[in-house]
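Encoded as structure tokens, the structure appears first; notes follow it.
The values are calculated or read from the model by the stated rules, or taken from the named source; none is laboratory data. A quick note: this is a predicted structure, and the numbers were derived from the prediction, not measured. Here the Cβ positions follow ideal geometry from the backbone for every residue, glycine too, while neighbour counts run over all protein chains shown. For accessibility, only protein heavy atoms count, side chains too; no ligands or nucleic acids. Shrake-Rupley method; radii C 1.70, N 1.55, O 1.52, S 1.80 Å.
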Amino acid sequence: MNIYADHAATTKTSRAAIDAMVDCMENCYGNPSSLYSVGQQAKTALENAREKVAKILNCDPKEITFTSGGSEADNQAIRSAAYLGAKKGKKHIISTAFEHHAVLHTLKKLEQEGFTVTLLDVHKEGIVSAKEVADAIREDTALVTVMYANNEIGTIQPIAEIGKICRERGVLFHTDAVQAIGHISVDVQRDAVDMLSLSAHKFHGPKGVGVLYARKGILLTNLIEGGAQERGKRAGTENVPGIVGMTAALEEAAKHLEEHRKHLIPLRNRLISGLSKIEYSELNGDPENRLPGNVNFCFEGIEGESLLLLLDDLGIQASSGSACTSGSLDPSHVLLAIGRLHEVAHGSLRLSLGEDITEEEIDYIIESVRSVVERLRAMSPFWRDLINGKRPHVFKQYQTQLLQ
Ligand SMILES: *Cc1c(COP(=O)(O)O)cnc(C)c1O
């Protein structure tokens, strides 16, 4: 069996996206800025894509800027809002402790430029409180940036509530919706969002292309200077095939969103329930308020990296929050943000399911994880100390909260 269960890292490009891209490369190869017909065909393809993306997000096509992906959109949104605020003497930004690094590292840079950043707690459920956002807003707050859904633990944030608060208080609101778009319903009007980032490769589109939505009237700061593409806000010849492929994938995802959600949620719950039966394990993040395809567990006495390698041998591709492979022994900042101790944060496993996953595959994953965890524990001196009582257990033997 081969099961790709790392859709939060990236997804396989869909047939529809590939076909749209090939057709575009063969037939609309001109430069959209050129005036002759093959250039104008590319221009038309680009503007049609912009209209379709705008329709799905429920905004005006003029509010859509195409970027090289989620990271660029996050960087540009946050810098733009920060510099707009600074012009009015507002240099305070509110965010959360478990944002993607594209957000956190941009905020770090802005701190070095004299901005003040408040990172809100996300509690053990992995959900920020809208009331705490409201309480953190000051006279000099320029921006609130909160992700729509977390990329590691999949928890969904109260975006519409936060949007309403920010609108009332006159503070700009950005959301990194990279994990949400194509998986759960997002609407920039309903959610009162001023700026939003998305990335094509997280919903079966190609890599290296994304969108920054910015509400009319918000002046964007350029990250890339040059030509007048994207209304002068993002220079460089547009990635027309990528944009067209992204749009095809987005339309498909939007069309099947409910159907996929209904299919995935019971299977995700079956997986959570099955893995909860492994002793000394715990689900990370709220059990219900999470993305339809996200399951993330910590296992005591396990190294996440070894777990991944053994699962790969069994044909399962998953991910872990620990970053030992990159030479750093730091556990995931997301798991630490929800209060996990270092020793269990190292033993984490993220399974992000594809829309076509079957019950049989879920059961295979449960059995595989159970056997691999047992094997690794049998070899671990750390585990021996735990069961011999030389070290205290972090978790209860079985998680009490089991889903049906
Ligand atoms: C993947 C991801 C990004 C980065 O998107 P890229 O297109 O890969 O740059 C940003 N934020 C979140 C939440 C993500 O999951």
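Structure values in brief
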read-out: Number of positions in segment 145-158 that are more than 13 Å from the ligand (Cβ to nearest atom) and in contact with a strand residue (DSSP E or B) (Cβ under 9 Å, 6 or more places away or on another chain); value: 0
read-out: Any strands (runs of 3 or more DSSP E) falling wholly within segment 115-199 and containing at least 3 residues that are open to solvent by 10 Å² or more (accessible area, probe 1.4 Å) and aliphatic (A, V, I, L, M); value: 116-120
read-out: Residue that is modelled with the lowest pLDDT, among those in segment 307-334 that are of a type in the set (S, T, N, Q), part of a loop (DSSP other than H, G, I, E, B) and buried (at least 16 other Cβ atoms within 10 Å of the Cβ); value: SER322
read-out: All positions within segment 205-224 that are farther than 18 Å from VAL188 by Cβ and either polar (S, T, N, Q) or without any contact (Cβ under 8 Å) to a residue 24 or more places away in the chain (or both); value: THR221, ASN222, ILE224
read-out: Subset of segment 164-204 that is under 10 Å from the mean Cα position of the chain (by Cα) and aliphatic (A, V, I, L, M) - its residue that is farthest from the ligand (Cβ to nearest atom); value: ILE181
read-out: One residue from ILE278, ILE272 being part of a loop (DSSP other than H, G, I, E, B) and touching a strand residue (DSSP E or B) at 6+ places or on another chain (Cβ under 9 Å); value: ILE278
read-out: THR247, sole failed condition from (1) assigned to a helix (DSSP H, G or I); (2) among the hydroxyl-bearing types (Ser, Thr, Tyr); (3) more than 24 Å from the chain's Cα centre (by Cα); value: (3)
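Residue-by-condition table, conditions (1) crowded, with 16+ Cβ neighbours inside 10 Å; (2) of a type in the set (Lys, Arg); (3) in contact with a Pro (Cβ under 9 Å, 6 or more places away or on another chain):
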| position | (1), (2), (3) |
| --- | --- |
| ALA337 | yes, no, no |
| ARG350 | yes, yes, no |
| LEU353 | yes, no, yes |
| ASP356 | no, no, no |
| GLU360 | no, no, no |
| SER368 | yes, no, no |
